[in-house]
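The values are calculated or read from the model by the stated rules, or taken from the named source; none is laboratory data. In this text the structure is predicted, and so the values were computed from the model without any measurement. When we count neighbours, we look across all protein chains shown, and the Cβ atoms used for this are built from the backbone with ideal geometry, even at glycine.
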Amino acid sequence: MSFLTPLYIAGTLLVALPIIFHLIRRTPRERIPFSSLMFLRESPPRVTRRSRLENILLLVLRGIALTLLALAFARPFLREPVLADTDSGEGQIIAIVVDTSASMRRGDLWQQAVAQVTGTLDAIRPIDHVALFAFDRRVRPVVSFQQWLDTPAAARVGLIKGQLGSLTPSWGSTGLGAALAAAADAVDSHATRTAPSGRVLEQQIVLVTDMQKGSDLTGLRQFDWPEQVSVKPAIVVPLARTNAGIQLVADRDDSSQSGTANRQRVRVSNAADSQASQFRVRWANADSQTVEAYVVPGKSRVVQAPMPPTNGDVEQLVVEGDEHDFDNAGYVVLKSPQVVSVLFVGRGLVTDPKSLLYYFARAFPESKLRSVRVLAHEPNEHLTVADLAAVRFAVLADSVPDATAKALGEFVTSGGTLLAVLTNAAVAESIGRVLDIAGYSAEEATVREYAMLGEVDFRHALFASFADPRYSDFTKIHFWRHRHVDVAALHDARVLAKFDDRSPALVEVPRGHGRVFLLTTGWGPDDSQLAVSSKFVPLINGMLDYAVGAAEVTMQARVGEPVTLPEFGTGPVRMRFPDGTESDLAAGTREFVDTMSPGVYELVGALTPLRFAVNLDAAESQTEPLPVEELEQLGVRLTAEKSSSKINAEATSQRQMLAFELESRQKLWRWLIVVALAVLLTESWLAGRLAVRSS
């Protein structure tokens with residue numbers, strides 16, 4: 001039993017008064033006549049050891065009456081256990097959001113995060129509803145509110161702790177904004193479904209994170225934050241602050257500086273709260289050279305990495321000098337330029353500005369990605385299939401003997417690409433023999449001043465790079481001469497470009513595994529301005545890409561980003577991960593999404609080999625703290641921190657309100673007053689009987 005006003009219990013001390021009165025207020029049993037006492041001083045009776053209590057029952061009744069009155073004024077009540085009704089939706093709704101991004105790999109941050117979540121779970125009441133979310137680049141629910149409700153009450157906290165034990169920091173970036181938006185949506189939706197009508201439940205998000213500056217807050221910029229949801233940040237802080245990160249700087253693909261094919265530039269960034277500024281860059285090899293990099297805290301600097309070691313297996317650059325190594329590695333795929341041989345069959349010298357070979361040989365600039373060798377072949381010389389074994393792209397610009405035409409036909413059928421240039425109408429016959437079309441011919445077109453390209457199929461891969469309106473104007477190229485051809489005689493032919501008189505300018509003819517591009521004009525100065533226009537070099541290189549595939553670039557991706565794969569047919573193809581494990585890829589897969597850790601990935605078994613590097617997001621190296629005020633500026637309502645005295649005062653106030661509610665409902669004081677009145681009536685009746693008996 002408890003009392004609403006316990007000070008009134010002190011009134012039970014009044015029980016001592018009837019006892020004292022019984023002991024000191026004694027009267028003689030009978031009167032005895034005596035002489036005058038006027039000269040004596042009256043004195044009250046004293047309590048002595050010989051004094052004794054009389055009428056004990058009357059004394060007890062008076063004591064009981066006083067005690068009952070004191071208890072009634074103290075307003076007693078009986079405490080009742082508060083049982084949680086989880087199905088009613090009452091209680092606090094809490095979403096615990098844990099940061100599992102790469103920056104949480106620093107020091108003991110993850111252990112601190114687990115301790116924060118465990119402490120929050122230990123304070124959970126049975127009446128609360130709890131969910132657990134984890135986030136890095138993406139947010140994922142680990143334990144939903146529905147799973148919490150479907151689990152027996154005694155096992156709910158254990159369920160979340162068990163799932164928490166299976167979490168570890170990933171290599172993903174920090175999508176803080178999207179995580180908060182998703183958690184706020186989940187809390188608000190659950191409160192709408194479970195809250196009693198007209199009652200607003202307390203809704204809270206406990207955010208466990210290192211709150212680093214590289215966090216992505218874009219998910220909050222267009223998000224309307226729910227009014228009732230608040231965020232309580234539980235920020236973990238590492239003991240060591242110095243952190244430097246390394247990111248690869250993409251070089252221009254057309255760079256042709258001698259000796260720099262595998263010379264890599266890197267950006268070294270230093271955190272703003274770092275206490276160091278001197279770092280070293282080297283390849284992950286014990287014998288490799290180092291390059292010093294002085295970087296002021298909060299800044300970054302691009303440096304030239306040392307030459308890679310002769311061991312081609314080393315494809316990892318590291319930075320040294322900081323206290324956290326999670327972002328100290330950068331991966332790059334080292335490769336040699338692709339060597340391609342192309343064949344030009346036609347008359348002319350490479351030094352003659354009037355010949356087609358002069359411009360064709362200069363259409364392939366040297367780069368770090370590809371080296372092109374142009375092989376010139378006179379049209380009247382014998383050409384065999386063996387001569388074409390190392391060639392994937394050939395140009396026919398003159399009439400050739402039957403043997404050469406047959407060899408070129410087999411070259412196309414086996415997968416080669418041939419560009420047939422109608423420098424004159426007689427070349428059409430040789431092209432017909434290449435395509436196995438008897439009697440194929442062409443005729444000179446009538447051109448008054450000049451012709452232009454009036455229609456281009458930009459949907460074709462060859463012209464896709466010109467689809468942008470800035471580059472799609474071909475009308476400035478003038479053609480002095482061109483030839484008419486019969487497209488209907490070319491089976492499955494596709495016209496890619498037409499002159500302004502609607503006659504074909506460029507036609508694609510598939511044959512076997514290869515194709516023939518038929519150009520009805522030449523690019524020399526006698527035929528057109530094509531060779532001196534800005535369209536010639538990308539057009540010829542586009543045909544080369546069509547023939548041998550695009551030059552394999554040093555592909556770079558961030559952790560979690562998809563990578564586009566080349567077509568690899570229907571055969572078995574596997575992806576080899578940086579740790580050496582392999583996974584089969586389904587036929588037709590064009591996008592690889594399982595880039596969950598940094599390193600070098602390799603496509604095994606494909607016709608077109610592919611190796612690409614995956615690196616950590618550069619934003620993860622910005623480990624200095626992000627002010628929580630930036631969350632408030634985006635509309636997030638933060639939970640105000642309460643002092644221990646304020647928390648105790650609120651708890652005391654809640655207990656008093658509950659006690660007042662119970663006392664008002666029970667009203668035990670009324671029954672105590674009734675019993676006290678009954679005792680007083682009994683006492684009065686007994687006192688009257690005793691007085692009559694005494695008289």
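Some observations on this one:
- Residue check, residue 564 exposed (fewer than 12 other Cβ atoms within 10 Å of the Cβ), β-branched (Val, Ile, Thr), at pLDDT below 90 and in contact with an Asp or Glu (Cβ under 9 Å, 6 or more places away or on another chain): yes
- Scanning segment 367-375 finds no residues that are within 27 Å of residue 503 (Cα to Cα) and assigned by TED's automatic domain parsing to the domain that holds residue 485.
- Consider segment 398-440 and keep the residues that are of a type in the set (Asp, Glu) and either within 15 Å of residue 384 (Cβ to Cβ) or not assigned by TED's automatic domain parsing to the domain that holds residue 517 (or both). The one that is surrounded by the most Cβ atoms within 10 Å (Cβ to Cβ) is 410.
- Positions within segment 87-111 being surrounded by fewer than 18 Cβ atoms within 10 Å (Cβ to Cβ) and either in contact (Cβ under 8 Å) with a residue 40 or more places away in the chain or over 28 Å from residue 216 (Cα atoms) (or both), in sequence order: 87, 88, 90, 92, 108
- When residue 470 is tested against (1) more than 24 Å from residue 360 (Cβ to Cβ); (2) of a type in the set (Lys, Arg); (3) assigned to a helix (DSSP H, G or I), only condition (3) is not met.
- Those residues of segment 56-94 which are modelled with pLDDT under 80 and of a type in the set (Phe, Trp, Tyr), in sequence order: 77
- Failed condition for residue 610, given (1) modelled with pLDDT under 90; (2) more than 18 Å from residue 331 (Cβ to Cβ): (2)
- Residue count for segment 91-107 under the criterion of being closer than 15 Å to residue 207 by Cβ, among the small types (Gly, Ala, Ser) and assigned to a loop (DSSP other than H, G, I, E, B): the result is 1.
- Scanning segment 228-244 for residues that are more than 20 Å from residue 115 (Cβ to Cβ) and in contact with a Lys or Arg (Cβ under 9 Å, 6 or more places away or on another chain) turns up 228, 229, 230, 243.
- Hits in segment 452-472 (condition: touching a strand residue (DSSP E or B) at 6+ places or on another chain (Cβ under 9 Å) and of a type in the set (Asp, Glu)): 455, 457
- Members of segment 108-151 found to be assigned to a loop (DSSP other than H, G, I, E, B) and in contact with a strand residue (DSSP E or B) (Cβ under 9 Å, 6 or more places away or on another chain), listed by number: 124, 128, 136, 137, 144, 151
- Within segment 483-505, the set of residues being touching a Leu at 6+ places or on another chain (Cβ under 8 Å) and in contact (Cβ under 8 Å) with a residue 40 or more places away in the chain comprises 483, 485, 490, 496, 497, 498, 499, 500, 505.
- Residue match in segment 616-630 (condition: at pLDDT below 75, of a type in the set (A, V, I, L, M, F, W, C) and either under 22 Å from the mean Cα position of the chain (by Cα) or surrounded by fewer than 14 Cβ atoms within 10 Å (Cβ to Cβ) (or both)): no
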